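Contents: one structure, followed by commentary.
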Amino acid sequence: MSAVTGTTPPRIEARGVTVRFGGLVALSEVSLAVPPASVVGLVGPNGAGKSTLFAVLSGLLAPGSGAVLMDGHDVTGASAQARARRGLARTFQHPELFPGLTVREHVVLAYRLRHTRHRIWTDLVTGGGFRRAPVDEDRRAGALLAALGLTGHAHRPVSGLPLGTSRLLEIARALALDPGVLLLDEPSSGLDARETDELAATLSRVVADHGVSLLLVEHDVELVLGMSDVVHVLDFGVKISAGSPAEVRADPAVRAAYLGAGHGEERTSR
Ligand SMILES: Nc1ncnc2c1ncn2[C@@H]1O[C@H](COP(=O)(O)OP(=O)(O)OP(=O)(O)O)[C@@H](O)[C@H]1O
(Lines give C-alpha, C1' and ligand atoms only; values in the text may rest on other atoms or scores of the structure.)
Protein backbone atom coordinates (compact mmCIF):
# COMPACT_ATOMS: atom_id res chain seq x y z
CA MET A 1 0.00 0.00 0.00
CA SER A 2 1.49 3.32 -1.04
CA ALA A 3 1.63 5.85 1.81
CA VAL A 4 1.30 8.72 -0.65
CA THR A 5 -1.71 7.73 -2.70
CA GLY A 6 -3.31 5.10 -0.47
CA THR A 7 -3.51 2.73 -3.43
CA THR A 8 -1.17 0.04 -4.66
CA PRO A 9 -0.31 0.41 -8.34
CA PRO A 10 -0.94 -2.55 -10.63
CA ARG A 11 1.86 -5.08 -10.97
CA ILE A 12 1.73 -4.48 -14.69
CA GLU A 13 -0.40 -2.20 -16.79
CA ALA A 14 -0.91 -1.36 -20.46
CA ARG A 15 -2.11 2.20 -21.09
CA GLY A 16 -3.58 3.09 -24.44
CA VAL A 17 -1.37 0.65 -26.33
CA THR A 18 -1.55 0.78 -30.12
CA VAL A 19 0.40 -1.55 -32.43
CA ARG A 20 0.33 -1.43 -36.22
CA PHE A 21 1.77 -4.00 -38.59
CA GLY A 22 1.91 -2.07 -41.86
CA GLY A 23 -1.69 -1.09 -42.55
CA LEU A 24 -3.15 -3.50 -39.98
CA VAL A 25 -4.05 -2.15 -36.55
CA ALA A 26 -3.34 -5.15 -34.31
CA LEU A 27 -4.07 -3.22 -31.09
CA SER A 28 -5.98 0.04 -30.85
CA GLU A 29 -5.67 2.07 -27.62
CA VAL A 30 -5.83 -1.00 -25.41
CA SER A 31 -5.57 -0.57 -21.63
CA LEU A 32 -5.43 -3.35 -19.06
CA ALA A 33 -4.17 -3.58 -15.49
CA VAL A 34 -3.11 -6.56 -13.38
CA PRO A 35 -3.48 -5.63 -9.68
CA PRO A 36 -1.41 -7.35 -6.97
CA ALA A 37 -2.41 -10.92 -6.09
CA SER A 38 -5.07 -11.16 -8.75
CA VAL A 39 -5.84 -13.28 -11.78
CA VAL A 40 -6.63 -11.31 -14.92
CA GLY A 41 -7.77 -13.09 -18.06
CA LEU A 42 -7.32 -11.93 -21.65
CA VAL A 43 -9.42 -13.65 -24.28
CA GLY A 44 -10.54 -13.00 -27.81
CA PRO A 45 -11.06 -14.87 -31.03
CA ASN A 46 -8.26 -15.72 -33.44
CA GLY A 47 -6.38 -12.64 -34.55
CA ALA A 48 -7.88 -10.46 -31.80
CA GLY A 49 -4.45 -9.19 -30.66
CA LYS A 50 -3.81 -11.32 -27.56
CA SER A 51 -0.31 -12.43 -28.54
CA THR A 52 0.57 -8.91 -29.65
CA LEU A 53 -0.42 -7.49 -26.26
CA PHE A 54 1.47 -10.31 -24.52
CA ALA A 55 4.57 -9.40 -26.53
CA VAL A 56 4.19 -5.71 -25.65
CA LEU A 57 3.79 -6.46 -21.93
CA SER A 58 6.72 -8.88 -21.84
CA GLY A 59 9.03 -6.41 -23.61
CA LEU A 60 9.48 -8.24 -26.92
CA LEU A 61 7.57 -5.72 -29.00
CA ALA A 62 7.57 -1.92 -28.69
CA PRO A 63 4.12 -0.33 -29.06
CA GLY A 64 3.61 2.37 -31.68
CA SER A 65 2.03 4.47 -28.95
CA GLY A 66 0.88 4.01 -25.37
CA ALA A 67 2.80 2.86 -22.30
CA VAL A 68 3.56 -0.15 -20.14
CA LEU A 69 4.01 0.33 -16.40
CA MET A 70 5.22 -2.05 -13.71
CA ASP A 71 4.41 -1.15 -10.12
CA GLY A 72 3.83 2.40 -11.30
CA HIS A 73 7.16 2.70 -13.18
CA ASP A 74 7.17 3.34 -16.90
CA VAL A 75 8.92 0.35 -18.53
CA THR A 76 7.77 0.99 -22.11
CA GLY A 77 11.36 1.25 -23.34
CA ALA A 78 12.77 -1.42 -20.99
CA SER A 79 14.04 -4.77 -22.28
CA ALA A 80 12.50 -8.10 -21.35
CA GLN A 81 15.49 -8.69 -19.05
CA ALA A 82 14.98 -5.38 -17.28
CA ARG A 83 11.30 -6.23 -16.76
CA ALA A 84 12.32 -9.62 -15.36
CA ARG A 85 14.52 -7.84 -12.85
CA ARG A 86 11.47 -5.82 -11.82
CA GLY A 87 9.56 -9.03 -11.12
CA LEU A 88 8.01 -10.09 -14.41
CA ALA A 89 8.09 -13.78 -15.39
CA ARG A 90 6.45 -15.53 -18.31
CA THR A 91 5.78 -18.96 -19.68
CA PHE A 92 5.77 -19.97 -23.32
CA GLN A 93 3.07 -21.59 -25.42
CA HIS A 94 5.57 -24.34 -26.24
CA PRO A 95 7.54 -25.04 -23.04
CA GLU A 96 11.21 -24.19 -23.53
CA LEU A 97 13.12 -26.69 -21.39
CA PHE A 98 16.70 -28.04 -21.43
CA PRO A 99 16.59 -31.73 -22.44
CA GLY A 100 19.76 -32.63 -20.48
CA LEU A 101 18.47 -31.41 -17.12
CA THR A 102 16.05 -32.98 -14.67
CA VAL A 103 12.82 -31.41 -13.47
CA ARG A 104 14.40 -30.36 -10.18
CA GLU A 105 17.49 -28.94 -11.86
CA HIS A 106 15.30 -26.58 -13.90
CA VAL A 107 13.82 -25.16 -10.72
CA VAL A 108 17.21 -24.95 -9.00
CA LEU A 109 18.76 -23.17 -11.97
CA ALA A 110 15.98 -20.57 -11.97
CA TYR A 111 16.32 -20.12 -8.21
CA ARG A 112 20.06 -19.51 -8.60
CA LEU A 113 19.46 -17.07 -11.41
CA ARG A 114 17.46 -14.99 -8.96
CA HIS A 115 19.29 -15.59 -5.71
CA THR A 116 22.88 -16.69 -6.36
CA ARG A 117 23.58 -15.68 -9.93
CA HIS A 118 27.35 -16.05 -9.54
CA ARG A 119 27.04 -19.81 -8.93
CA ILE A 120 25.41 -20.62 -12.24
CA TRP A 121 28.51 -20.50 -14.42
CA THR A 122 30.77 -22.36 -12.01
CA ASP A 123 28.07 -25.00 -11.57
CA LEU A 124 27.63 -25.42 -15.29
CA VAL A 125 31.39 -25.62 -15.83
CA THR A 126 32.15 -28.02 -12.96
CA GLY A 127 28.93 -30.00 -13.38
CA GLY A 128 28.86 -30.66 -9.64
CA GLY A 129 26.81 -27.74 -8.41
CA PHE A 130 23.47 -29.47 -8.34
CA ARG A 131 24.77 -31.92 -5.72
CA ARG A 132 25.82 -29.20 -3.29
CA ALA A 133 22.56 -27.38 -2.75
CA PRO A 134 22.41 -24.98 0.20
CA VAL A 135 19.56 -25.54 2.64
CA ASP A 136 17.44 -22.56 1.48
CA GLU A 137 17.70 -23.59 -2.12
CA ASP A 138 16.80 -27.19 -1.30
CA ARG A 139 13.81 -26.10 0.72
CA ARG A 140 12.54 -23.65 -1.90
CA ALA A 141 12.99 -26.07 -4.82
CA GLY A 142 11.26 -28.81 -2.82
CA ALA A 143 8.38 -26.51 -1.88
CA LEU A 144 7.86 -25.37 -5.47
CA LEU A 145 7.95 -28.89 -6.83
CA ALA A 146 5.42 -29.93 -4.18
CA ALA A 147 3.18 -26.90 -4.90
CA LEU A 148 3.02 -27.83 -8.58
CA GLY A 149 2.56 -31.56 -7.87
CA LEU A 150 5.97 -32.40 -9.38
CA THR A 151 7.71 -34.07 -6.45
CA GLY A 152 7.34 -37.51 -8.01
CA HIS A 153 9.00 -36.27 -11.20
CA ALA A 154 11.85 -34.33 -9.52
CA HIS A 155 14.69 -36.51 -10.76
CA ARG A 156 13.30 -37.31 -14.20
CA PRO A 157 15.02 -35.76 -17.21
CA VAL A 158 12.61 -33.39 -18.93
CA SER A 159 12.87 -35.11 -22.29
CA GLY A 160 9.82 -37.31 -22.63
CA LEU A 161 7.75 -35.49 -20.00
CA PRO A 162 4.06 -35.24 -20.91
CA LEU A 163 3.04 -31.76 -22.09
CA GLY A 164 0.90 -31.10 -19.00
CA THR A 165 3.84 -31.88 -16.71
CA SER A 166 6.16 -29.70 -18.79
CA ARG A 167 3.73 -26.80 -18.38
CA LEU A 168 3.65 -27.27 -14.61
CA LEU A 169 7.45 -27.32 -14.60
CA GLU A 170 7.56 -24.07 -16.58
CA ILE A 171 5.33 -22.49 -13.95
CA ALA A 172 7.46 -23.87 -11.08
CA ARG A 173 10.57 -22.51 -12.80
CA ALA A 174 8.96 -19.12 -13.28
CA LEU A 175 7.91 -19.00 -9.61
CA ALA A 176 11.48 -19.80 -8.54
CA LEU A 177 12.31 -16.30 -9.82
CA ASP A 178 9.93 -14.91 -7.14
CA PRO A 179 7.99 -12.83 -9.67
CA GLY A 180 5.38 -10.26 -8.72
CA VAL A 181 3.50 -11.03 -11.91
CA LEU A 182 3.48 -14.07 -14.15
CA LEU A 183 2.31 -13.87 -17.77
CA LEU A 184 0.95 -17.20 -18.99
CA ASP A 185 0.82 -17.70 -22.75
CA GLU A 186 -1.92 -20.21 -23.62
CA PRO A 187 -1.17 -22.48 -20.64
CA SER A 188 -3.93 -24.96 -21.52
CA SER A 189 -2.87 -25.36 -25.15
CA GLY A 190 -2.53 -29.06 -25.97
CA LEU A 191 -3.94 -30.24 -22.63
CA ASP A 192 -7.01 -32.45 -22.31
CA ALA A 193 -9.99 -31.52 -20.13
CA ARG A 194 -8.70 -33.30 -17.02
CA GLU A 195 -5.22 -31.76 -17.33
CA THR A 196 -6.80 -28.32 -17.87
CA ASP A 197 -8.88 -28.71 -14.68
CA GLU A 198 -5.77 -29.72 -12.74
CA LEU A 199 -3.86 -26.77 -14.15
CA ALA A 200 -6.63 -24.35 -13.13
CA ALA A 201 -6.70 -25.74 -9.57
CA THR A 202 -2.91 -25.53 -9.34
CA LEU A 203 -2.80 -21.96 -10.64
CA SER A 204 -5.48 -20.85 -8.17
CA ARG A 205 -3.46 -22.40 -5.35
CA VAL A 206 -0.30 -20.68 -6.55
CA VAL A 207 -1.99 -17.27 -6.44
CA ALA A 208 -3.35 -17.93 -2.95
CA ASP A 209 -0.06 -19.30 -1.58
CA HIS A 210 2.51 -17.11 -3.33
CA GLY A 211 0.63 -13.81 -3.67
CA VAL A 212 1.72 -13.62 -7.30
CA SER A 213 -0.49 -11.97 -9.93
CA LEU A 214 -1.35 -13.84 -13.10
CA LEU A 215 -2.21 -12.62 -16.56
CA LEU A 216 -3.75 -15.52 -18.40
CA VAL A 217 -3.82 -15.25 -22.19
CA GLU A 218 -5.97 -18.10 -23.40
CA HIS A 219 -8.11 -19.57 -26.12
CA ASP A 220 -10.00 -21.61 -23.53
CA VAL A 221 -12.64 -19.08 -22.52
CA GLU A 222 -14.21 -21.35 -19.90
CA LEU A 223 -10.87 -21.78 -18.15
CA VAL A 224 -10.40 -18.01 -18.03
CA LEU A 225 -13.97 -17.28 -16.90
CA GLY A 226 -13.62 -19.97 -14.24
CA MET A 227 -10.50 -18.64 -12.56
CA SER A 228 -10.08 -14.91 -13.27
CA ASP A 229 -11.04 -11.99 -11.05
CA VAL A 230 -11.33 -9.74 -14.09
CA VAL A 231 -11.55 -10.68 -17.76
CA HIS A 232 -10.69 -8.45 -20.74
CA VAL A 233 -11.98 -9.29 -24.20
CA LEU A 234 -10.29 -8.19 -27.41
CA ASP A 235 -11.78 -8.33 -30.85
CA PHE A 236 -9.92 -7.13 -33.95
CA GLY A 237 -7.46 -5.22 -31.75
CA VAL A 238 -10.13 -3.36 -29.79
CA LYS A 239 -11.08 -4.03 -26.18
CA ILE A 240 -14.79 -4.72 -26.42
CA SER A 241 -15.46 -5.76 -22.82
CA ALA A 242 -13.92 -5.99 -19.35
CA GLY A 243 -15.34 -6.99 -16.00
CA SER A 244 -16.03 -9.90 -13.73
CA PRO A 245 -16.50 -13.29 -15.40
CA ALA A 246 -20.27 -12.96 -14.84
CA GLU A 247 -20.35 -9.50 -16.43
CA VAL A 248 -18.30 -10.60 -19.42
CA ARG A 249 -20.36 -13.74 -19.87
CA ALA A 250 -23.54 -11.64 -19.94
CA ASP A 251 -22.16 -8.90 -22.21
CA PRO A 252 -24.05 -8.95 -25.53
CA ALA A 253 -21.00 -7.48 -27.31
CA VAL A 254 -18.94 -10.46 -26.24
CA ARG A 255 -21.63 -12.90 -27.20
CA ALA A 256 -21.98 -11.27 -30.59
CA ALA A 257 -18.26 -11.06 -31.27
CA TYR A 258 -17.11 -14.28 -29.77
CA LEU A 259 -18.92 -16.51 -27.34
CA GLY A 260 -22.08 -16.74 -29.38
CA ALA A 261 -20.04 -17.63 -32.43
CA GLY A 262 -18.60 -20.69 -30.71
CA HIS A 263 -15.19 -20.00 -29.28
CA GLY A 264 -12.22 -21.94 -30.55
CA GLU A 265 -13.61 -22.06 -34.07
CA GLU A 266 -11.89 -20.40 -36.97
CA ARG A 267 -13.60 -17.20 -38.08
CA THR A 268 -13.71 -15.53 -41.36
CA SER A 269 -12.34 -11.98 -41.47
CA ARG A 270 -14.67 -9.05 -41.43
N1 LIG B 1 4.53 -9.90 -37.01
C2 LIG B 1 3.36 -9.63 -37.58
N3 LIG B 1 3.29 -9.05 -38.80
C4 LIG B 1 2.12 -8.75 -39.39
N5 LIG B 1 0.92 -8.99 -38.83
C6 LIG B 1 0.91 -9.57 -37.62
C7 LIG B 1 2.12 -9.92 -36.94
N8 LIG B 1 1.78 -10.48 -35.74
C9 LIG B 1 0.44 -10.49 -35.69
N10 LIG B 1 -0.08 -9.95 -36.80
C11 LIG B 1 -1.52 -9.74 -37.07
O12 LIG B 1 -2.02 -8.97 -35.99
C13 LIG B 1 -3.33 -9.39 -35.64
C14 LIG B 1 -3.34 -9.83 -34.18
O15 LIG B 1 -2.58 -11.02 -34.09
P16 LIG B 1 -2.32 -11.76 -32.70
O17 LIG B 1 -1.44 -12.92 -33.00
O18 LIG B 1 -1.89 -10.78 -31.69
O19 LIG B 1 -3.80 -12.27 -32.34
P20 LIG B 1 -4.21 -13.40 -31.30
O21 LIG B 1 -5.42 -12.89 -30.60
O22 LIG B 1 -3.05 -13.78 -30.46
O23 LIG B 1 -4.60 -14.58 -32.29
P24 LIG B 1 -4.55 -16.17 -32.05
O25 LIG B 1 -5.56 -16.45 -31.02
O26 LIG B 1 -4.96 -16.70 -33.40
O27 LIG B 1 -3.15 -16.52 -31.66
C28 LIG B 1 -3.68 -10.52 -36.59
O29 LIG B 1 -4.43 -9.98 -37.66
C30 LIG B 1 -2.33 -11.02 -37.07
O31 LIG B 1 -2.41 -11.58 -38.35
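The values are calculated or read from the model by the stated rules, or taken from the named source; none is laboratory data. Predicted model only: the values in this text are computed from it and were never measured. Cβ placement follows ideal geometry from the backbone for every residue including glycine, while neighbour counts extend to all protein chains displayed. Side chains included, ligands, DNA and RNA excluded: accessible areas come from the protein's heavy atoms. Shrake-Rupley method; radii C 1.70, N 1.55, O 1.52, S 1.80 Å.
Computed extension length for SER244-SER31: 75.1 nm, one decimal, from 0.36 nm per residue of separation with the Cα-Cα distance subtracted.
Annotation: amide H-H contacts under 5 Å for LEU27 (H modelled 1.01 Å from N, sequence separation of 5 or more, or interchain): VAL19. With R₀ set to 35 Å, the beta-carbon distance separating ARG139 from GLU96 gives a calculated FRET efficiency near 0.85. Dipole of the chain computed with +1 at Lys/Arg Cβ and -1 at Asp/Glu Cβ about the Cα centre; of VAL217, ALA67, MET227, farthest Cα towards the positive end is ALA67. Distant-in-sequence amide contacts of LEU61, defined by a placed amide H-H separation under 5 Å and a gap of 5 or more residues or a different chain, comprise VAL56.
With the convex hull of its Cα atoms as the shape, the chain has an orientation-averaged projected area of 15.8 nm². Projected label points at ASP229 and ARG20, each 7 Å from Cα along the beta carbon direction, are separated by 3.6 nanometres.
For the chain, the share of accessible area belonging to carbon and sulfur comes to 55 percent (1.4 Å probe, ligands and nucleic acids excluded). Per residue, the chain exposes an accessible area of 47 Å² to a 1.4 Å probe, with every protein chain left in place.
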